[in-house]
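Worksheet for the structure shown next.
The values are calculated or read from the model by the stated rules, or taken from the named source; none is laboratory data. Everything quoted here is computed from the prediction, not taken from an experiment. When we count neighbours, we look across all protein chains shown, and the Cβ atoms used for this are built from the backbone with ideal geometry, even at glycine. Calculation scope for accessible area: heavy atoms of the full protein, side chains included, ligands and nucleic acids excluded. Shrake-Rupley method; radii C 1.70, N 1.55, O 1.52, S 1.80 Å.
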Amino acid sequence: MIKVKLEKEIILKKTQASAPTQWRSFFSSAYARIGTTLFLGILIACLFGPLFLDHSYESTQLELGAQAPSYNHLFGTDTLGRDLLIRTLIGGRISILIGFLATVVAVLIGVSYGMIAGYVGNKTDALMMRFVDIVYALPFTIIVILLTVLLGRSLILIFLAIGAVEWLTLARIVRGETRNLKTQAYVEAAKVNGLPHHKILSKHILKNLISPIIVFATLTVPSVILLESIISFLGLGVQAPLASWGSLINEGAQKFDIYPWLLIFPSLFFSLTILSLNFIGDALRDHFDPSK
Amino acid sequence: MAQLILRRLFQTIPTLWLIATATFILLQLIPGGPFDQEKPVTPEVKRLIEAHYGMDKPIHEQYLQFLLNRLQGDFGPSYKYAGWDVDEIIAQSFPISLELGFYALLVALFVGVPLGILAAIYHGKRMETLFMGLALIGICLPAFVLGPLLLLVFSTELGWFNTFGWNTPSDRVLPALTLGLFYAAFVARLTRSGTLDVLKNPYIQTARAKGLKEHRIILVHTLKVALSPVVSYLGPAVAGMISGSFVVETLFFIPGLGSFFVNSAFNRDDTMVMGTVLFYAALILLFNLIVDLLHAWMNPRTQRD
């Protein structure tokens with residue numbers, strides 16, 4: 001009993017390392033600083049930028065046509081005379097929103113699925129993970145395209161479809177970790193003491209899974225944004241007049257030889273976002289890596 | 001080895017069956033038949049069409065027929081390209097996609113692996129930052145960003161390549177780079193960390209102590225083991241290249257299977273979509289099998305799991 005108590009204390013100490021110290025050590029990495037600054041900058045620009053712009057992202061001015069960047073239209077205008085800056089920012093809202101919502105869906109499915117498979121074990125586990133293997137063998141983009149074809153094209157369906165295919169990796173990670181944690185002495189002790197399963201899962205297992213979940217979620221956001229952009233680029237995603245970075249890059253790619261700015265600005269925002277999120281994800285992984 | 005192949009084949013068959021069944025169920029569930037048109041057809045015509053496509057039989061017979069046909073490589077008629085079978089379209093367009101994928105894979109490996117090895121050799125020095133910086137740039141330039149940019153620079157501005165088509169050998173360059181460089185970046189990162197891990201081993205120190213040349217250590221003693229994460233990555237990479245080929249083929253107007261798939265998704269050509277999905281799934285399963293075998297050959301220890 002004393003031993004169990006000791007182990008519990010050690011675990012508690014581990015998880016309760018004071019938050020400010022943790023943040024300081026995270027931001028000691030240049031990647032973390034650059035990534036966070038860049039991403040926050042883009043996020044704030046997309047969220048609040050449109051409030052300060054007089055142009056509308058949807059009303060067209062056909063007589064204006066595609067204009068090169070100027071003082072009035074910093075990023076120029078598209079072929080329908082719409083201001084590209086505001087369209088890029090609105091598109092960013094959509095892309096980032098889908099990125100986060102689909103990640104939430106993926107995390108919810110992946111964590112619960114993986115925890116159940118790992119905790120119950122035996123045949124249930126084998127069956128559940130075999131299913132993951134099967135779906136894993138399929139190309140994600142194709143499934144998402146299939147789902148958007150079958151279910152119609154709407155924002156909610158897009159992020160549900162993406163979330164529904166991105167959870168697999170997390171389910172594998174969580175299942176592996178859960179199996180390890182399940183055999184720990186303090187979990188056995190909790191079981192012997194009659195703690196119900198859902199409490200063991202939430203108190204003793206989920207809490208120890210937080211760091212891999214955070215790392216994975218951060219790295220999922222850019223891959224979701226990428227997937228959504230591919231689908232919108234192919235014209236199967238977000239529909240006009242709404243825009244996402246993928247659909248804007250598509251418009252730009254069709255006329256890049258005459259109006260290069262239509263391609264360059266959305267691509268720049270998209271690439272910098274992916275870059276910054278990868279920086280943050282890598283830095284978080286190093287930060288939580290116990291072998292360091 | 002033979003046991004491994006057999007075991008993996010036994011895992012693959014049920015997977016394919018599940019996917020085939022799922023596509024069959026999806027085809028049945030889709031609201032509105034494929035022949036719903038603006039103008040309603042007379043019941044007589046409708047009955048004839050349904051009889052022609054075997055849709056008037058009971059559902060379990062249709063299912064059995066469906067499985068039998070797929071087993072024989074018959075994917076049924078395309079609903080939109082009248083007179084064409086899905087397998088004929090696949091047979092005609094897939095070789096083009098395969099060629100594109102092959103070049104892209106070459107780009108990914110021949111750019112990624114040397115970059116990763118160089119970064120590992122220069123570990124802790126400035127050069128490493130440079131090489132890995134290049135790899136990072138690659139990661140945030142997926143096909144639909146890189147493709148138009150390459151076109152803008154090399155065909156519009158410099159005029160070195162055609163903007164579209166798949167006729168001359170030089171038409172292969174930009175599409176292959178567009179598709180391959182993104183994966184080269186991942187390959188470089190994996191090669192670097194794999195090489196660094198191996199270089200830590202005592203047998204490398206022994207080799208060094210015995211006075212072996214550094215390039216020999218890398219090429220002979222390190223590479224085979226260090227590349228095993230890269231080999232594992234080839235499975236997902238090829239799956240990714242298939243979806244990447246949708247973008248590249250659309251962008252460069254290449255008549256490969258990818259552009260047919262995207263078009264059929266647009267046109268609601270349901271048999272074509274399902275047939276292509278099934279085909280891609282089989283392809284990816286086959287490729288994963290090859291990757292697993294390659295892996296087992298490179299790392300004999302993994303066979304024991």
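Observations
- Selection from the range B:201-218 of residues that are open to solvent by 60 Å² or more (accessible area, probe 1.4 Å) and either under 15 Å from B:A119 (Cα atoms) or touching a residue at least 60 places away in the same chain (Cβ under 8 Å) (or both): B:E214, B:H215
- Residue match in the range B:87-101 (condition: farther than 27 Å from A:S229 by Cα, outside any strand (DSSP E or B), in contact (Cβ under 8 Å) with a residue 60 or more places away in the chain and open to solvent by 80 Å² or more (accessible area, probe 1.4 Å)): no
- Residues (part of a loop (DSSP other than H, G, I, E, B) and more than 7 Å from chain B (Cβ to nearest Cβ)) located in the range A:236-271: A:G237, A:V238, A:Q239, A:A240, A:P241, A:L242, A:A243, A:S244, A:K255, A:I258, A:Y259
- Picking from residues in the range B:219-242 that are open to solvent by 10 Å² or more (accessible area, probe 1.4 Å) and not aliphatic (A, V, I, L, M), the one that is farthest from B:A188 (Cα to Cα) is B:H221.
- You will find that of B:T222, B:T195, B:T191, the residue that is more than 30 Å from A:E251 (Cα to Cα), more than 13 Å from chain A (Cβ to nearest Cβ) and without any contact (Cβ under 8 Å) to a residue 40 or more places away in the chain is B:T222 and no other.
- Complete set of residues in the range A:114-134 that are within 24 Å of the chain's Cα centre (by Cα) and basic (K, R): none
- Residue within the range B:290-297 that is of a type outside the set (F, W, Y), within 12 Å of chain A (Cβ to nearest Cβ), within 15 Å of A:I142 (Cβ to Cβ) and touching a residue at least 40 places away in the same chain (Cβ under 8 Å) present: no
- Unmet requirement for A:I274, which otherwise passes all of (1) out of contact with any Cys (no Cβ under 8 Å at 6 or more places or on another chain); (2) of a type in the set (V, I, T); (3) in a helix (DSSP H, G or I): (1)
- Matching residues in the range B:140-179 - criterion: being away from every other protein chain (no Cβ under 12 Å), open to solvent by 10 Å² or more (accessible area, probe 1.4 Å) and among the aliphatic types (A, V, I, L, M): B:L158, B:V173, B:L177
- Scanning the range A:220-233 for any residue that is under 27 Å from B:F144 (Cβ atoms) and away from every other protein chain (no Cβ under 14 Å) turns up at least one such residue.
- Pick from the range B:243-267, criterion more than 9 Å from chain A (Cβ to nearest Cβ) and surrounded by fewer than 22 Cβ atoms within 10 Å (Cβ to Cβ), ranking: modelled with the lowest pLDDT: B:N267
- Top-ranked residue in the range B:2-26 [being over 23 Å from the mean Cα position of the chain (by Cα) and more than 9 Å from chain A (Cβ to nearest Cβ); ranked as most open to solvent (accessible area, probe 1.4 Å)]: B:Q3
- In the range B:127-139, of all residues being aliphatic (A, V, I, L, M) and open to solvent by 50 Å² or more (accessible area, probe 1.4 Å), the one that is farthest from the other protein chains (Cβ to nearest Cβ) corresponds to B:M127.
- If you go through the range A:90-127 and keep only what is closer than 30 Å to A:T273 by Cα and not aliphatic (A, V, I, L, M), you end up with A:G91, A:G92, A:R93, A:S95, A:G99, A:F100, A:T103, A:G110, A:S112, A:Y113, A:G114.
- Within the range A:83-106, residues that are in contact (Cβ under 8 Å) with a residue 40 or more places away in the chain have Cβ atoms under 6 Å from residues that are small (G, A, S) and open to solvent by 10 Å² or more (accessible area, probe 1.4 Å) in these pairs: A:L89/A:G49; A:T103/A:A217, counting only partners at least 6 apart in sequence or on another chain.
- Test: residue in the range A:272-290 that is away from chain B (no Cβ under 14 Å), more than 24 Å from A:G118 (Cβ to Cβ) and not basic (K, R): yes
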